[in-house]
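A.B. asks: Pasting a structure here, questions to come.
The values are calculated or read from the model by the stated rules, or taken from the named source; none is laboratory data. Predicted model only: the values in this text are computed from it and were never measured. Methodologically, a virtual Cβ is constructed for each residue, glycine included, from the backbone with ideal geometry; neighbour enumeration extends over all protein chains shown. Accessible surface is based on the protein model in full, side chains and every heavy atom, while ligands, DNA and RNA are left aside. Shrake-Rupley method; radii C 1.70, N 1.55, O 1.52, S 1.80 Å.
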Amino acid sequence: MIIDLKSLRNSGKEEESFYFDYVPENQLSDIPNVKVSSVKVNGKVYLEGFHSAYIEGEINYFLSGDCTRCLEETTKEYVIGFAENADNEDETGYPVVNDKVDLTKIVEDAIMTNLPVSFLCKEDCKGLCTECGANLNKDSEHKCKIKEGN
Ligand SMILES: [Zn+2]
Ligand SMILES: [Zn+2]
């Protein structure tokens with residue numbers, strides 16, 4: 001999503017709420033076989049000065065893919081906040097190009113810096129049996145006997 005600061009300014013407002021959702025085209029996750037499957041963004045943009053803005057909000061994103069431990073297909077929701085400046089003169093912030101700010105870039109940077117290190121179907125996932133490869137979360141499917149002290 002692109003925020004047009006000019007049209008916001010022309011409307012006489014100094015701030016505006018926004019909402020958008022989308023499916024990312026870029027591979028944002030570096031966890032094997034896990035992708036960001038959808039993103040929802042709620043936020044507010046504040047005009048500051050003539051060519052700058054402050055943007056803050058909340059991102060809900062979903063990761064879908066294989067549990068790192070047991071390989072079961074899993075989808076989980078994550079919520080993160082973000083707050084960034086966009087300014088066409090300050091090189092430390094996000095750029096303002098033709099009075100427009102690329103909000104998707106801000107959102108995707110926030111997701112990538114906040115990705116979990118591992119992706120588990122549940123915190124206490126038991127993983128796979130090293131003997132037979134069965135999913136140890138499903139006792140009924142696990143036939144082999146694990147010897148004590150092994
Ligand atoms: Zn698991
Ligand atoms: Zn086993």
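A.B. asks: Nothing charged except the Cβ atoms of Lys and Arg (+1) and of Asp and Glu (-1): what's the magnitude of the dipole of the chain about its Cα centre? Round to the nearest 20 debye. Display every interim value, and only then the final one.
C.D. replies: Details: 16 positive and 29 negative charges, 164 e Å.
Using Cβ point charges on Lys, Arg, Asp and Glu, the chain gives about 780 debye.
A.B. asks: Another question, then. So how strong a dipole does segment 36-108 carry about its Cα centre when Lys and Arg Cβ are +1 and Asp and Glu Cβ are -1, to the nearest 20 debye?
C.D. replies: Computed about the Cα centre, the dipole is about 300 debye.
A.B. asks: For segment 110-138 and segment 29-71, what is the centre-to-centre distance using only Cα atoms, to the nearest Å?
C.D. replies: Cα centroid of segment 110-138 versus Cα centroid of segment 29-71: 21 Å apart.
A.B. asks: In a shell of Cβ-Cβ distance under 11 Å around Gly65, excluding Gly65 itself, what net charge do Lys and Arg (+1) and Asp and Glu (-1) give?
C.D. replies: Working: positive: Lys35, Lys76; negative: Asp66, Glu72, Glu73.
For residues surrounding Gly65, the net value is -1.
A.B. asks: Let a ≥ b ≥ c be the square roots of the eigenvalues of the Cα gyration tensor of the chain; is it rounded (a/c under 1.5), or, if not, prolate (a/b larger than b/c) or oblate?
C.D. replies: Working: a/c = 4.17, a/b = 3.58, b/c = 1.17.
Since a/c reaches 1.5 and a/b is larger than b/c, the shape of the chain is classed as prolate.
A.B. asks: How high is the FRET efficiency from Lys122 to Cys144, r the C-beta distance, R0 35 Å, rounded to 0.05?
C.D. replies: Working: r = 23 Å, r/R0 = 0.64.
After rounding to 0.05, the efficiency reads 0.95.
A.B. asks: Of the cross-linked pairs Lys44/Lys122; Lys13/Lys100; Lys76/Lys126, which ones have a Cα-Cα span greater than 23 Å in the structure shown? Mind dumping the intermediate values first?
C.D. replies: Working: Lys44/Lys122 33 Å; Lys13/Lys100 16 Å; Lys76/Lys126 18 Å.
Pairs exceeding the cut-off: Lys44/Lys122.
A.B. asks: Taking the Cα centre of the chain as the origin and placing charges on Cβ (Lys, Arg +1; Asp, Glu -1), which of Gly81, Gly133, Ile31 is farthest toward the positive end of the dipole?
C.D. replies: Among Gly81, Gly133, Ile31, the one farthest towards the positive end of the dipole of the chain is Gly133.
A.B. asks: Before rounding to the nearest 500, sum -39500 (n - 2.57) across all DSSP H runs of length at least 4 in the chain and divide by the residue total; then give [θ] at 222 nm in deg cm²/dmol. Can you show the working numbers first?
C.D. replies: Details: 2 runs with 17 residues, N = 150.
Value at 222 nm, helices only: -3000 deg cm²/dmol.
A.B. asks: May I ask you to give the percent of accessible area on segment 47-88 that is carbon plus sulfur, with a probe radius of 1.4 Å?
C.D. replies: Numbers: 950 of 2100 Å².
That share works out to 45 percent.
A.B. asks: Further question: Would you work out the charge dipole size for segment 1-78 about its Cα centre, treating the Cβ of every Lys and Arg as +1 and the Cβ of every Asp and Glu as -1, and quote it to the nearest 20 debye? Intermediate values should be presented prior to the final figure.
C.D. replies: Values: 8 positive and 14 negative charges, 26 e Å.
It comes to approximately 120 debye.
A.B. asks: Work through the residues other than Leu5 whose Cβ is under 9 Å from its Cβ and net out their charges, Lys, Arg +1 and Asp, Glu -1.
C.D. replies: +1
A.B. asks: Follow-up. Counting only heavy atoms of the protein chains, get the accessible area per residue of the chain (1.4 Å probe) and round it to a whole Å² value. Write down the numbers at each step before the final one.
C.D. replies: Working: 9340 Å² over 150 residues.
Value for the chain: 62 Å² per residue.
A.B. asks: Turning to a different aspect of this structure: How far, in degrees from 0 to 90, does helix 103-113 lean away from the longest principal axis of the Cα atoms of the chain, to the nearest 10?
C.D. replies: That helix lies at roughly 40 degrees to the long axis.
A.B. asks: Can you tell which of Leu63, Gly12, Phe50 lies farthest toward the positive end of the dipole of segment 2-123, using +1 and -1 charges on the Cβ of basic and acidic side chains (Lys, Arg; Asp, Glu)?
C.D. replies: Leu63
A.B. asks: For Phe119, enumerate residues with amide H under 5 Å from its amide H, sequence gap 5+ or separate chain, H modeled in the peptide plane.
C.D. replies: Distant-sequence amide H within range of Phe119: Thr68.
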